[in-house]
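Each remark here refers to the structure printed beneath this line.
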Amino acid sequence: MKLKRTHTTDLINDSLLGQELILNGWLNSRRDLGGIIFIDLRDRYGLVQVRFADDLPKNILEKAHRLSAEDVIAVKGTVLARPEAAVNPKISSGKLELLASDLEILNKAKTPPFEISRRETGSEDLRLKYRYLDLRTTEMKRNLELRSKAAIATRNFLSGNRFMEIETPFLMKSTPEGARDFLVPSRINAGKFYALPQSPQTYKQLLMVSGFDRYFQLVKCFRDEDLRADRQLEFTQIDIEMSFVDEADVQELSEGLLKHIVKAATGKAMEIPFPKLTWEEAMEKYGSDKPDIRFDLPIHKADDFAKMSSFGVFHSALESGNVVRVLKVSGGASFSRKQIDEYTSLAKINGAKGLAWLKLTENGGEGGISKFVNDEALKALIHQTKAEPGDCFFFIADEWETGLTALGMVRNALGKALNLIPEDALAPLWVTEFPLLEFDPEEQRYVARHHPFTSPRLDELERLETHPAEVKARAYDLVLNGYEIAGGSIRIFQKDLQQRMFRLLNIGDDEARAKFGFLLDAFEYGAPPHGGIAFGFDRLVMILAGSDSIRELIAFPKTTTGQSPMDGAPDTVSQKQLDELKISLIREKAAK
RNA sequence: GGAGCAGUAGUUCAACUGGUUAGAGCACCGGCCUGUCACGCCGGAAGUUGCGGGUUCGAGUCCCGUCUGCCCCGCCA
């Protein structure tokens, strides 16, 4: 190329007036008026309008006429002020333009399948197939820039707080518990497999044993589970571990980190410390272990009300030890039957047996279960929830966690539908005192709610075997706008306690030794007390970008079936590759 | 594993209750145009209605299967 760039578009400003310079970039758009041609040249940094006047040499004008979208070009020209009437306030260089003196077409482009300057002209499906074009859009550039800023802010903050960034292996041993592993066959050790890490959990604990008392890593994690708008097969964590700390230390550090990232990436200020709720409080008040506290709309206890009513469902629920809870929806009396049905079905999808309702009018209760509710009961409910005519009530009568979870989902849907969520708000909170264990009815055993290395609360240690379901963990989640963006815990660092934990999880001593022997051994050589946290980095930047899909913050994401429409992954491999790995495929057809 | 929605021109969408030659915007191609910036005006080309099967005189439309995309439940220590 003979016209090598001297400037990027963001540098074009008044100080360059009259100066001749060269820009390289893509043809964003062309407006050919016949005797005069305008083009917008785009590079990573922005747009600049270039004008081709009719006194240019013929060969240059012909080239300019021939330009089409996304051609890669080099333009030499002089920076001029635009006439007053021709100023474009929509772009930052809108008061200026480049009067072209030379043009080089570095590479012609085919017509793109969608317009780069108007991203909505392509569906997500199409944009993923041509992701390298999608990444040219302002939206994706902005998202990846925000992500980059957040990553750099993370490193700056943690490095400034004496954390060391240490890499851990991607090829590791498959371990039980948790998500399904991605397996990688070992050629050199035929028949054996590595697993990709679900997180560097054990490695970072071993680094604590090694004495690296403040470790972090921006690290890819892999989980072979079904995808969602906020979940990918591979995702990035800010993984942090610290020695000689308790919960407060990790939380304080995390608050500082989040505040720093938010400031660097968005310019917004965050107030610290963040509010805290115990898991039980969060469930009771918001029906979620990751409540969205950007809006009010609390859940109320309605057991007493249920007793006063004559609604059979409520009474039988209470008799079998279940609970009755209610949401008061301001203005909800205007809901149509169809709308109410939709909330009912939402509650059912999320496990509730149903959703009882009742509208409050000037004349008292109406519709739904109103005929089972006497004046006295209604009055008490109105008093308790500060309800007014025009409101409506949604009730669940169910097992505590199931019912509250379902009502929490209804609450979230209402928050959205009623526009209760302030835009641009950032509402963080800590959720603490999670139960250590959770009974898995499928496997008929307890599983760790967080992970098996999480320390139980020390004042409950003696109840570990006798009342395992009631013991709380030294775990904490950081929630932002209804998303879990980080989770961590103070870890077990003593061999005995770790072995007790494995036994509780029905992992036999032999299995524990086979799977986690290296960790148990390490604990015998002077393991310091330690704890940490891991941030879901993609999810965090998704929230900061105001997006509701994690794919918007990942350069090359997978679709919900785990495929990459661009490169066609996953794909079959050659027989030769399989032979080398000593792998033979089972034919699926016979199954059906 | 389950539920819902969608798949029609390069693209974004339309096409009534099954009925004429499947339409429109944008993009594209050709022409005109000296201050446009979603430039404008005139003209043109453009279709395996995701794929396979079925019902019917007749299927984009109905039925069955299948694939893909999105959203959700399960799952995600």
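The values are calculated or read from the model by the stated rules, or taken from the named source; none is laboratory data. Please read all numbers here as calculations on a predicted model, not as lab measurements. Neighbour counts run over all protein chains shown; Cβ positions are idealised from the backbone, glycine included.
Here are a few things to note about the model shown:
- Hey, A:I533 surrounded by 19 or more Cβ atoms within 10 Å (Cβ to Cβ), at pLDDT 95 or above, within 13 Å of RNA strand B (Cβ to nearest atom) and of a type outside the set (D, E, K, R) or not: yes
- For the residues A:R445, A:R449, the requirement of being closer than 24 Å to A:P275 by Cβ and basic (K, R) singles out A:R449.
- Listing of helices (runs of 4 or more DSSP H) fully contained in segment A:474-592 that carry 2 or more residues being within 30 Å of the chain's Cα centre (by Cα) and over 24 Å from A:T175 (Cα atoms): A:537-544
- For segment A:181-206, filtered to residues that are in a loop (DSSP other than H, G, I, E, B), away from RNA strand B (no atom under 14 Å from the Cβ) and of a type in the set (A, V, I, L, M), the residue that is nearest to A:T168 (Cα to Cα) is A:I188.
- Flag if A:E362 is among the acidic types (D, E) and modelled with pLDDT of 90 or more: yes
- Qualifying residue in segment A:36-45 (condition: at pLDDT 95 or above, more than 10 Å from RNA strand B (Cβ to nearest atom) and out of contact with any Leu (no Cβ under 9 Å at 6 or more places or on another chain)): yes
- Taking (1) touching a Leu at 6+ places or on another chain (Cβ under 7 Å); (2) surrounded by fewer than 19 Cβ atoms within 10 Å (Cβ to Cβ) in turn, A:I238 satisfies each apart from (2).
- A:A153 more than 10 Å from RNA strand B (Cβ to nearest atom), exposed (fewer than 13 other Cβ atoms within 10 Å of the Cβ) and of a type in the set (A, V, I, L, M): no
- Residue count for segment A:72-99 satisfying the condition of being within 28 Å of A:K110 (Cα to Cα) and of a type in the set (S, T, Y): 1.
- Residues in segment A:477-516 that are free of Cβ contacts under 8 Å to residues at least 24 places away in the same chain and aliphatic (A, V, I, L, M) were compared, and the one that is nearest to A:R539 (Cα to Cα) is A:A512.
- Unique match (being within 24 Å of the chain's Cα centre (by Cα) and surrounded by fewer than 18 Cβ atoms within 10 Å (Cβ to Cβ)) among A:G321, A:G267, A:G331, A:G312: A:G267
- The single residue among A:L23, A:L27, A:L99 that is in a strand (DSSP E or B), in contact with a Gly (Cβ under 9 Å, 6 or more places away or on another chain) and under 29 Å from A:N143 (Cα atoms) turns out to be A:L23.
- Subset of segment A:134-150 that is within 14 Å of RNA strand B (Cβ to nearest atom) and surrounded by 18 or more Cβ atoms within 10 Å (Cβ to Cβ) - its residue that is farthest from A:E20 (Cα to Cα): A:D134
- Number of the exception - A:V209 against (1) within 13 Å of RNA strand B (Cβ to nearest atom); (2) under 21 Å from A:G517 (Cβ atoms): (1)
- Pairs, first of a type in the set (D, E) in segment A:222-243, second surrounded by fewer than 17 Cβ atoms within 10 Å (Cβ to Cβ) and assigned to a strand (DSSP E or B), C-beta under 6 Å, six or more apart: A:E234/A:K220
- Restricting segment A:71-95 to residues that are closer than 20 Å to A:N24 by Cβ and near RNA strand B (Cβ under 9 Å from one of its atoms), the residue that is modelled with the lowest pLDDT: A:I91
- The one condition from (1) in contact with a helix residue (DSSP H, G or I) (Cβ under 7 Å, 6 or more places away or on another chain); (2) within 16 Å of RNA strand B (Cβ to nearest atom) that A:T344 does not meet is (1).
- Residue check, A:V326 touching a His at 6+ places or on another chain (Cβ under 6 Å) and surrounded by 15 or more Cβ atoms within 10 Å (Cβ to Cβ): yes
- Sole residue being surrounded by fewer than 18 Cβ atoms within 10 Å (Cβ to Cβ) and not assigned by TED's automatic domain parsing to the domain that holds A:A514, chosen from A:P176, A:P113, A:P185: A:P113
- Contact map, segment A:154-169: first residue in the same structural domain as A:M208 (by TED's automatic domain parsing) and within 17 Å of A:P200 (Cβ to Cβ), second residue of a type in the set (A, V, I, L, M, F, W, C) and in a loop (DSSP other than H, G, I, E, B), Cβ cut-off under 6 Å, separation 6 or more or different chains; pairs are A:M164/A:F212.
- Among all residues of segment A:124-133, there is none that is in contact with a strand residue (DSSP E or B) (Cβ under 9 Å, 6 or more places away or on another chain), away from RNA strand B (no atom under 13 Å from the Cβ) and either modelled with pLDDT under 95 or under 23 Å from A:Q563 (Cβ atoms) (or both).
- When the residues of segment A:30-48 are filtered to those that are assigned to a loop (DSSP other than H, G, I, E, B) and free of Cβ contacts under 8 Å to residues at least 60 places away in the same chain, the one that is nearest to A:M140 (Cα to Cα) is A:Y45.
- Residue in segment A:422-432 that is closer than 30 Å to A:S316 by Cα, among the β-branched types (V, I, T) and touching a Phe, Trp or Tyr at 6+ places or on another chain (Cβ under 7 Å) present: no
- Flag if A:R51 is within 44 Å of the chain's Cα centre (by Cα) and in a loop (DSSP other than H, G, I, E, B): no
- Of the residues making up segment A:558-581, not a single one is under 30 Å from A:Y130 (Cβ atoms), surrounded by fewer than 18 Cβ atoms within 10 Å (Cβ to Cβ) and in the same structural domain as A:E145 (by TED's automatic domain parsing).
- Listed here are the helices (runs of 4 or more DSSP H) enclosed by segment A:259-339 that have at least 1 residues being outside the structural domain of A:V410 (by TED's automatic domain parsing) and among the hydroxyl-bearing types (S, T, Y): A:279-286.
- Of A:L3, A:L56, all but one fail to be part of a loop (DSSP other than H, G, I, E, B), within 13 Å of RNA strand B (Cβ to nearest atom) and not hydroxyl-bearing (S, T, Y); the exception is A:L56.
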